[in-house]
Amino acid sequence: MIIYILSLAGVALGVYFLSCVRYHCKTLKYDSQARMDGKTVLITGASSGIRKATAEHLLSRGARVILACRNLTKTKTAVDEILSSTGVDRQMVNIVHLDLSDLDSVRKCVKEITDTEKQLDVLINNAGLGTDMRKTTKQGYDIIFGVNFTGPFLLTYLLLDLLKKSAPSRIINVSSVVHTSIKESQISFQPNDPSSSTGVKYPYLKKYHISKLAQIWQTNVLAEKLSADNVTANSMNPGYVHSGIWYVDANPMKRIVLRFFGWLSSKIGRTSKNAALTVVYMAVDPGLEKVSGCYFENVEISENMSACAKNKTLAQKMWDVSMDMCGLSKKFE
């Protein structure tokens with residue numbers, strides 16, 4: 001009887017695993033010919049991966065793209081590759097320096113953008129970091145939480161006036177399915193307490209996961225606060241993608257696990273170009289002009305946002321903590 005029960009459990013787990021693989025790895029399609037002529041899009045971290053692929057897609061649809069990146073040498077190489085693949089004029093691409101681990105750099109980047117740009121139609125927060133190294137940002141926050149959430153939080157907040165001026169405009173936060181693994185009991189709202197690892201009680205992967213949950217919380221709060229401004233805010237999960245996240249610094253055991261999933265993603269995962277289609281859909285589709293506060297997967301609105309991510313009380317608490325971390329006034333205008 002025990003063997004029978006274990007066999008059934010094994011079959012059930014196998015079926016569940018295969019269904020998850022099929023859902024998060026299936027090839028995406030977006031056949032709309034919607035254009036973005038005359039539109040300006042800002043993409044963070046666009047020198048590689050999904051970010052770079054998104055830039056290529058949007059440039060091909062007529063958008064002017066600003067790439068906000070930390071490594072300017074790498075970004076310039078990426079721009080050459082993008083221009084070669086798309087054939088667009090170099091004037092359609094602009095590069096600005098942005099180090100999300102330094103809030104001063106974020107402010108400097110925003111000043112450069114607001115001083116030179118008359119409009120910003122779409123903001124895509126896609127830069128991200130995964131590392132097992134115990135590092136902190138310039139302001140002393142955990143590096144993963146700082147780069148994946150706190151930096152983008154400040155960037156978005158400081159660009160709101162330009163986004164409102166450019167309305168209808170869109171904010172897109174690239175999150176992850178891993179946000180569903182975080183439970184309320186794991187969350188700490190004491191960002192200056194080293195024992196909390198800035199936002200979560202557990203190291204590495206859980207810090208990455210909580211940063212992705214925080215992105216959705218920010219998105220949902222923004223959707224409510226901007227409802228009268230014709231600025232939408234949505235989050236998304238790109239699925240299982242062959243990307244650099246599997247090749248980050250880690251201790252030997254974690255490195256083996258990550259490299260295995262990196263190898264597996266190269267066999268069954270989505271390419272960056274294919275995974276970017278959901279972001280493209282969210283940025284260009286005319287039918288989404290009024291859609292806000294939603295979570296997207298597989299080029300459609302998804303119901304897979306976790307209960308914790310939907311918790312408005314926790315979202316507002318994270319918003320308030322983030323305002324303090326960024327030295328911002330609690331008043332929202």
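Every number here is computed from the coordinates shown, using simple stated rules; none is lab data. It should be emphasised that the depicted structure is a prediction, and the values quoted were computed from it without experimental measurement. In this analysis, Cβ positions are derived from the backbone assuming ideal geometry, glycine residues included, and neighbour counts consider all displayed protein chains.
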query: In the range 83-121, which residues have a backbone nitrogen under 15 Å from the label point lying 7 Å from Lys165's Cα in the Cα-to-Cβ direction?
result: 110-121
field: Environment charge of Asn311, counting only residues whose C-beta is closer than 12 Å and scoring Lys/Arg +1, Asp/Glu -1
entry: +3
task: Rank-order 27-34, 114-121 by packing density, defined as the average count of other C-beta atoms within 10 Å over each peptide's residues, highest first.
output: 114-121, 27-34
query: Can you flag which of Lys164/Lys225; Lys118/Lys165; Lys108/Lys207; Lys183/Lys212; Lys108/Lys138; Lys26/Lys206 are past 18 Å Cα-Cα?
result: Lys108/Lys207; Lys26/Lys206
field: Euclidean distance of C-alpha centroids, the range 299-314 and the range 35-102, integer Å
entry: 29 Å
query: Using modelled backbone amide H atoms (1.01 Å from N, in-plane), which distant-in-sequence or interchain residues come within less than 5 Å of Leu98's amide H?
result: Cys69, Arg70
Cut-off 10 Å between beta-carbons: net charge of the residues surrounding Gly128, Lys and Arg +1, Asp and Glu -1: +2
query: Roughly how many debye, to the nearest 20, is the charge dipole of the range 101-152 about its Cα centre, given +1 on each Lys and Arg Cβ, -1 on each Asp and Glu Cβ, and no other charges?
result: 160 debye
task: Would you list, by chain and number, the aspartates and glutamates whose Cα falls below 13 Å from the Cα of Lys29, excluding same-chain residues fewer than 8 positions away?
output: Glu297, Glu300
- prompt: Gly38: net charge of surrounding residues, Cβ under 12 Å, Lys/Arg +1, Asp/Glu -1, itself excluded?
  reply: +3
